[in-house]
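Enquirer: Sharing a structure below in C-alpha coordinates format, with a few things to ask.
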Amino acid sequence: MSVKLEQRDDVAILTLDRQEALNALSFAIIDEIEQAIDKVAGMPVRALIVTGAGPKAFCAGADIKELRHRSLAQQRAGIERGQAVFARLDTLKVASIAVINGYAFGGGLELALACTFRLATRNAKMGLPEIKLGLTPGYGGTQRLPRVVGEARALEMILTGRTVDAEEALRMGLVNRLVDGEAVEAGLAFAREFTVYSLPALNFARQAVQRALDVPVHEGLKIEADLGSLAFRTADAEEGMAAFSDKRKAAFRDE
Ligand code: CO8
(Lines give C-alpha, C1' and ligand atoms only; values in the text may rest on other atoms or scores of the structure.)
Protein backbone atom coordinates (compact mmCIF):
# COMPACT_ATOMS: atom_id res chain seq x y z
CA MET A 1 0.00 0.00 0.00
CA SER A 2 1.32 3.43 -0.91
CA VAL A 3 -1.24 5.35 1.10
CA LYS A 4 -0.99 5.10 4.88
CA LEU A 5 -3.85 6.08 7.14
CA GLU A 6 -3.50 6.50 10.87
CA GLN A 7 -5.23 8.32 13.68
CA ARG A 8 -3.48 10.55 16.20
CA ASP A 9 -5.80 11.84 18.93
CA ASP A 10 -8.86 13.04 17.03
CA VAL A 11 -7.10 13.69 13.72
CA ALA A 12 -6.71 11.30 10.76
CA ILE A 13 -3.38 11.39 8.90
CA LEU A 14 -3.15 10.30 5.27
CA THR A 15 0.43 9.89 4.06
CA LEU A 16 1.41 9.24 0.44
CA ASP A 17 4.32 6.83 0.62
CA ARG A 18 5.86 6.00 -2.73
CA GLN A 19 9.16 7.68 -2.13
CA GLU A 20 11.03 6.10 -5.05
CA ALA A 21 8.78 8.14 -7.38
CA LEU A 22 8.50 11.19 -5.11
CA ASN A 23 5.00 10.03 -4.09
CA ALA A 24 3.70 10.42 -7.67
CA LEU A 25 0.02 9.62 -8.18
CA SER A 26 -0.28 6.34 -10.03
CA PHE A 27 -3.85 5.33 -10.85
CA ALA A 28 -3.54 2.71 -8.10
CA ILE A 29 -2.70 5.47 -5.60
CA ILE A 30 -5.77 7.45 -6.69
CA ASP A 31 -7.81 4.33 -5.80
CA GLU A 32 -6.03 4.06 -2.45
CA ILE A 33 -6.69 7.73 -1.69
CA GLU A 34 -10.39 7.15 -2.33
CA GLN A 35 -10.42 4.12 -0.02
CA ALA A 36 -8.66 6.15 2.66
CA ILE A 37 -11.17 9.00 2.34
CA ASP A 38 -13.99 6.45 2.71
CA LYS A 39 -12.38 5.22 5.92
CA VAL A 40 -11.89 8.74 7.26
CA ALA A 41 -15.62 9.37 6.72
CA GLY A 42 -16.31 6.59 9.23
CA MET A 43 -13.60 7.50 11.76
CA PRO A 44 -14.26 9.48 14.96
CA VAL A 45 -12.02 12.35 13.86
CA ARG A 46 -12.32 16.13 13.66
CA ALA A 47 -9.74 16.85 10.93
CA LEU A 48 -7.66 15.15 8.25
CA ILE A 49 -4.00 15.84 7.54
CA VAL A 50 -2.65 14.95 4.08
CA THR A 51 1.11 14.78 3.61
CA GLY A 52 3.93 12.96 1.82
CA ALA A 53 6.46 10.49 3.22
CA GLY A 54 10.17 11.17 3.01
CA PRO A 55 12.33 14.28 3.02
CA LYS A 56 11.82 15.43 -0.58
CA ALA A 57 8.22 15.46 -1.72
CA PHE A 58 4.61 15.98 -0.83
CA CYS A 59 3.71 14.61 -4.27
CA ALA A 60 5.38 15.07 -7.69
CA GLY A 61 2.05 14.86 -9.54
CA ALA A 62 0.43 12.30 -11.79
CA ASP A 63 2.65 9.37 -12.69
CA ILE A 64 3.98 10.61 -16.02
CA LYS A 65 5.20 7.16 -17.01
CA GLU A 66 1.65 5.79 -16.75
CA LEU A 67 0.18 8.60 -18.83
CA ARG A 68 1.95 7.80 -22.06
CA HIS A 69 0.31 5.70 -24.79
CA ARG A 70 -3.16 5.99 -23.35
CA SER A 71 -6.19 6.46 -25.56
CA LEU A 72 -8.13 9.71 -25.45
CA ALA A 73 -11.05 7.91 -23.80
CA GLN A 74 -8.76 6.45 -21.12
CA GLN A 75 -7.25 9.87 -20.47
CA ARG A 76 -10.64 11.52 -20.09
CA ALA A 77 -11.84 8.76 -17.76
CA GLY A 78 -8.63 9.12 -15.73
CA ILE A 79 -9.08 12.87 -15.40
CA GLU A 80 -12.71 12.49 -14.31
CA ARG A 81 -11.77 9.80 -11.81
CA GLY A 82 -9.05 11.93 -10.20
CA GLN A 83 -11.37 14.95 -10.13
CA ALA A 84 -14.09 12.91 -8.41
CA VAL A 85 -11.71 11.52 -5.78
CA PHE A 86 -10.24 14.95 -5.00
CA ALA A 87 -13.74 16.46 -4.86
CA ARG A 88 -14.52 14.09 -2.01
CA LEU A 89 -11.99 15.96 0.13
CA ASP A 90 -14.05 19.12 -0.38
CA THR A 91 -17.19 17.48 0.92
CA LEU A 92 -15.63 15.34 3.63
CA LYS A 93 -17.35 15.84 6.99
CA VAL A 94 -14.14 17.26 8.45
CA ALA A 95 -11.76 19.96 7.24
CA SER A 96 -8.51 18.78 5.66
CA ILE A 97 -5.01 20.20 5.97
CA ALA A 98 -2.35 19.54 3.32
CA VAL A 99 1.12 19.79 4.84
CA ILE A 100 3.31 20.39 1.77
CA ASN A 101 6.68 19.04 2.85
CA GLY A 102 8.73 19.34 -0.35
CA TYR A 103 7.73 19.16 -4.01
CA ALA A 104 4.04 19.58 -4.83
CA PHE A 105 3.73 19.57 -8.60
CA GLY A 106 0.84 18.98 -10.98
CA GLY A 107 -1.62 16.53 -9.46
CA GLY A 108 0.26 16.86 -6.17
CA LEU A 109 -0.53 20.57 -5.92
CA GLU A 110 -4.07 19.81 -7.10
CA LEU A 111 -4.44 17.36 -4.21
CA ALA A 112 -3.32 20.10 -1.83
CA LEU A 113 -5.73 22.56 -3.46
CA ALA A 114 -8.61 20.15 -2.80
CA CYS A 115 -7.83 20.33 0.92
CA THR A 116 -9.42 23.00 3.13
CA PHE A 117 -6.04 24.40 4.25
CA ARG A 118 -2.45 24.26 3.01
CA LEU A 119 0.65 24.54 5.19
CA ALA A 120 4.14 24.46 3.68
CA THR A 121 7.54 23.61 5.09
CA ARG A 122 10.24 26.12 4.16
CA ASN A 123 11.79 23.81 1.54
CA ALA A 124 8.44 23.33 -0.25
CA LYS A 125 8.25 23.99 -3.98
CA MET A 126 4.98 24.15 -5.85
CA GLY A 127 3.80 24.41 -9.42
CA LEU A 128 1.52 23.21 -12.19
CA PRO A 129 4.20 22.22 -14.76
CA GLU A 130 1.85 20.29 -17.07
CA ILE A 131 2.40 22.85 -19.85
CA LYS A 132 6.03 21.70 -20.05
CA LEU A 133 4.76 18.21 -20.90
CA GLY A 134 2.37 19.58 -23.52
CA LEU A 135 -0.50 18.93 -21.11
CA THR A 136 -2.87 21.00 -19.00
CA PRO A 137 -3.85 20.45 -15.35
CA GLY A 138 -6.56 17.79 -15.01
CA TYR A 139 -7.22 17.14 -11.36
CA GLY A 140 -8.95 20.45 -10.61
CA GLY A 141 -6.03 22.89 -10.90
CA THR A 142 -7.60 25.18 -13.49
CA GLN A 143 -10.67 25.56 -11.28
CA ARG A 144 -9.32 25.63 -7.73
CA LEU A 145 -6.08 27.60 -8.24
CA PRO A 146 -7.82 30.79 -9.52
CA ARG A 147 -10.29 30.55 -6.65
CA VAL A 148 -7.38 30.50 -4.19
CA VAL A 149 -4.86 32.95 -5.72
CA GLY A 150 -6.91 34.87 -8.32
CA GLU A 151 -7.13 34.56 -12.09
CA ALA A 152 -3.95 36.43 -13.06
CA ARG A 153 -1.64 34.52 -10.71
CA ALA A 154 -3.28 31.21 -11.63
CA LEU A 155 -2.85 31.88 -15.35
CA GLU A 156 0.77 32.84 -14.79
CA MET A 157 1.50 29.62 -12.91
CA ILE A 158 -0.39 27.45 -15.41
CA LEU A 159 0.87 29.05 -18.64
CA THR A 160 4.51 29.36 -17.56
CA GLY A 161 4.58 26.17 -15.46
CA ARG A 162 7.02 27.93 -13.16
CA THR A 163 7.93 26.80 -9.68
CA VAL A 164 6.85 28.87 -6.68
CA ASP A 165 8.83 28.56 -3.46
CA ALA A 166 7.31 28.52 0.02
CA GLU A 167 7.77 32.25 0.71
CA GLU A 168 6.13 33.25 -2.58
CA ALA A 169 3.33 30.72 -2.03
CA LEU A 170 2.62 32.37 1.32
CA ARG A 171 2.66 35.87 -0.19
CA MET A 172 0.18 34.92 -2.90
CA GLY A 173 -2.14 33.08 -0.48
CA LEU A 174 -1.50 29.68 -2.05
CA VAL A 175 -0.61 28.39 1.42
CA ASN A 176 -2.04 29.55 4.74
CA ARG A 177 1.21 29.35 6.71
CA LEU A 178 4.83 28.25 6.61
CA VAL A 179 5.71 25.72 9.29
CA ASP A 180 8.92 24.50 10.89
CA GLY A 181 9.76 21.10 12.29
CA GLU A 182 8.09 17.80 11.62
CA ALA A 183 5.24 17.99 9.07
CA VAL A 184 2.63 15.93 10.90
CA GLU A 185 3.30 17.71 14.20
CA ALA A 186 2.87 21.05 12.44
CA GLY A 187 -0.40 19.84 10.94
CA LEU A 188 -1.64 18.62 14.32
CA ALA A 189 -0.82 21.96 15.96
CA PHE A 190 -2.78 23.79 13.24
CA ALA A 191 -5.70 21.33 13.53
CA ARG A 192 -5.97 21.96 17.29
CA GLU A 193 -6.78 25.59 16.56
CA PHE A 194 -10.20 24.59 15.20
CA THR A 195 -10.93 21.00 16.28
CA VAL A 196 -11.87 22.30 19.75
CA TYR A 197 -15.05 23.83 18.30
CA SER A 198 -18.45 22.32 17.54
CA LEU A 199 -18.37 20.11 14.43
CA PRO A 200 -21.81 21.23 13.23
CA ALA A 201 -20.76 24.89 13.51
CA LEU A 202 -17.47 24.18 11.74
CA ASN A 203 -19.33 22.44 8.94
CA PHE A 204 -21.97 25.14 8.50
CA ALA A 205 -19.26 27.79 8.31
CA ARG A 206 -17.16 25.74 5.88
CA GLN A 207 -20.13 25.06 3.62
CA ALA A 208 -21.14 28.73 3.54
CA VAL A 209 -17.64 29.84 2.54
CA GLN A 210 -17.19 27.06 -0.01
CA ARG A 211 -20.44 28.01 -1.75
CA ALA A 212 -19.59 31.73 -1.73
CA LEU A 213 -17.55 31.49 -4.91
CA ASP A 214 -20.16 29.52 -6.85
CA VAL A 215 -23.20 31.79 -6.45
CA PRO A 216 -24.04 35.51 -6.73
CA VAL A 217 -23.72 37.48 -3.46
CA HIS A 218 -27.49 37.73 -2.86
CA GLU A 219 -27.80 33.94 -3.07
CA GLY A 220 -24.72 33.48 -0.91
CA LEU A 221 -26.25 35.70 1.75
CA LYS A 222 -29.36 33.51 1.73
CA ILE A 223 -27.13 30.44 2.21
CA GLU A 224 -25.43 32.28 5.09
CA ALA A 225 -28.81 33.06 6.66
CA ASP A 226 -30.00 29.44 6.26
CA LEU A 227 -26.84 27.85 7.67
CA GLY A 228 -26.47 30.53 10.37
CA SER A 229 -30.03 29.80 11.55
CA LEU A 230 -29.31 26.07 11.65
CA ALA A 231 -26.18 26.72 13.72
CA PHE A 232 -28.23 28.86 16.13
CA ARG A 233 -30.58 25.92 16.78
CA THR A 234 -27.81 23.54 17.89
CA ALA A 235 -27.27 22.60 21.55
CA ASP A 236 -23.65 23.67 21.05
CA ALA A 237 -24.74 27.23 20.23
CA GLU A 238 -26.75 27.32 23.46
CA GLU A 239 -23.73 25.92 25.34
CA GLY A 240 -21.32 28.37 23.71
CA MET A 241 -23.42 31.41 24.60
CA ALA A 242 -24.12 30.11 28.13
CA ALA A 243 -20.39 29.49 28.68
CA PHE A 244 -19.65 33.07 27.61
CA SER A 245 -22.18 34.42 30.14
CA ASP A 246 -20.88 32.11 32.90
CA LYS A 247 -17.26 33.09 32.09
CA ARG A 248 -16.23 29.45 31.59
CA LYS A 249 -14.88 27.34 28.76
CA ALA A 250 -17.59 25.89 26.51
CA ALA A 251 -18.01 22.09 26.51
CA PHE A 252 -19.21 21.38 22.98
CA ARG A 253 -20.78 17.98 22.24
CA ASP A 254 -21.28 18.27 18.47
CA GLU A 255 -25.05 18.47 18.95
N1 CO8 B 1 5.75 10.64 -12.38
C2 CO8 B 1 6.51 9.51 -12.39
N3 CO8 B 1 7.74 9.44 -11.81
C4 CO8 B 1 8.22 10.57 -11.22
C5 CO8 B 1 7.48 11.77 -11.20
C6 CO8 B 1 6.19 11.78 -11.82
N7 CO8 B 1 5.39 12.87 -11.79
N8 CO8 B 1 8.22 12.70 -10.58
C9 CO8 B 1 9.37 12.10 -10.21
N10 CO8 B 1 9.38 10.81 -10.60
C11 CO8 B 1 10.43 9.82 -10.42
C12 CO8 B 1 11.59 10.08 -11.35
O13 CO8 B 1 11.34 9.52 -12.62
C14 CO8 B 1 12.72 9.39 -10.61
O15 CO8 B 1 12.60 8.01 -10.81
P16 CO8 B 1 13.90 7.16 -11.35
O17 CO8 B 1 14.89 7.27 -10.23
O18 CO8 B 1 13.37 5.79 -11.55
O19 CO8 B 1 14.36 7.83 -12.58
C20 CO8 B 1 12.38 9.64 -9.15
O21 CO8 B 1 11.00 9.96 -9.11
C22 CO8 B 1 13.15 10.81 -8.54
O23 CO8 B 1 12.91 11.92 -9.37
P24 CO8 B 1 14.11 12.86 -9.93
O25 CO8 B 1 15.34 12.07 -10.09
O26 CO8 B 1 13.58 13.59 -11.11
O27 CO8 B 1 14.28 13.84 -8.68
P28 CO8 B 1 14.84 15.33 -8.69
O29 CO8 B 1 15.00 15.70 -7.27
O30 CO8 B 1 15.99 15.44 -9.61
O31 CO8 B 1 13.65 16.21 -9.35
C32 CO8 B 1 11.37 16.94 -9.61
C33 CO8 B 1 12.46 16.36 -8.66
C34 CO8 B 1 11.77 18.38 -9.99
C35 CO8 B 1 10.06 16.95 -8.83
C36 CO8 B 1 11.27 16.08 -10.88
O37 CO8 B 1 11.16 14.72 -10.50
C38 CO8 B 1 10.10 16.40 -11.75
O39 CO8 B 1 10.12 17.37 -12.47
N40 CO8 B 1 9.03 15.56 -11.72
C41 CO8 B 1 7.87 15.73 -12.54
C42 CO8 B 1 6.98 16.83 -12.01
C43 CO8 B 1 5.80 17.03 -12.94
O44 CO8 B 1 5.94 17.37 -14.10
N45 CO8 B 1 4.59 16.83 -12.40
C46 CO8 B 1 3.37 16.97 -13.15
C47 CO8 B 1 2.94 15.66 -13.72
S48 CO8 B 1 1.51 15.82 -14.80
C49 CO8 B 1 0.20 15.94 -13.76
O50 CO8 B 1 0.33 15.91 -12.56
C51 CO8 B 1 -1.17 16.07 -14.40
C52 CO8 B 1 -2.32 15.85 -13.41
C53 CO8 B 1 -3.60 15.53 -14.10
C54 CO8 B 1 -3.44 14.37 -15.05
C55 CO8 B 1 -4.64 13.57 -15.29
C56 CO8 B 1 -4.30 12.16 -15.67
C57 CO8 B 1 -5.44 11.26 -15.97
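Enquirer: Please give the per residue accessible area of the chain, computed with a probe of 1.4 Å over protein heavy atoms only, in Å².
Expert: Each residue of the chain exposes 51 Å² on average to a 1.4 Å probe.
Enquirer: Between the DSSP loop rule and a limit of at most 11 other Cβ atoms within 10 Å, which trypsin sites (Lys or Arg not before Pro) in the stretch 210-248 are left?
Expert: Answer in residue order: Arg233, Lys247, Arg248.
Enquirer: Towards the positive end of the charge dipole of the chain, with charges on Cβ (+1 Lys, Arg; -1 Asp, Glu), say which of Asn123, Met172, Leu159 has the farthest Cα.
Expert: Final value for the positive-end residue is Leu159.
Enquirer: Go through Tyr197, Ala12, Pro55 and say which Cα lies farthest out towards the positive end of the charge dipole of the chain; charges sit on Cβ, +1 for Lys and Arg, -1 for Asp and Glu.
Expert: My answer, from the dipole projection, is Pro55.
Enquirer: Using a 1.4 angstrom probe on heavy atoms only, work out the carbon and sulfur share of the accessible area of the stretch 199-246 in %.
Expert: The C+S portion of the solvent-accessible surface of the stretch 199-246 is 65 percent.
Enquirer: Restricting to Cα atoms and excluding each atom paired with itself, what does the Kirkwood estimate give for the chain in Å?
Expert: 19.1
Enquirer: Over the chain, what is the percentage of antiparallel beta bridges among all DSSP beta bridges, to the nearest 5?
Expert: 25
Enquirer: Tell me which trypsin sites (Lys or Arg not before Pro) from the stretch 105-154 have a DSSP coil assignment and no more than 13 other beta carbons within 10 Å of their own.
Expert: In loop regions of the stretch 105-154 (DSSP not H, G, I, E or B), the sparsely surrounded trypsin sites (Lys or Arg not before Pro) are Arg122.
Enquirer: Separate question: How much mean residue ellipticity at 222 nm does the chain get from its helices, if each DSSP H run of length 4 or more adds -39500 (n - 2.57) and you divide by all residues, to the nearest 500 deg cm²/dmol?
Expert: Here the helix-only value at 222 nm equals -15000 deg cm²/dmol.
Enquirer: Kindly provide the trypsin sites (Lys or Arg not before Pro) of the stretch 30-69 that DSSP labels as loop, not H, G, I, E or B, and whose Cβ sees at most 13 other Cβ atoms within 10 Å.
Expert: Arg68
Enquirer: A further question follows. Between the stretch 96-134 and the stretch 1-66, what is the C-alpha centre distance in whole Å?
Expert: 13
The values are calculated or read from the model by the stated rules, or taken from the named source; none is laboratory data. Because the structure is a prediction, the values reported are computed rather than measured. Counting neighbours? That spans all protein chains shown, and the Cβs are built from the backbone with ideal geometry, glycine included. In case anyone asks, the SASA skips ligands and DNA or RNA and just uses the protein heavy atoms, side chains included. Shrake-Rupley method; radii C 1.70, N 1.55, O 1.52, S 1.80 Å.
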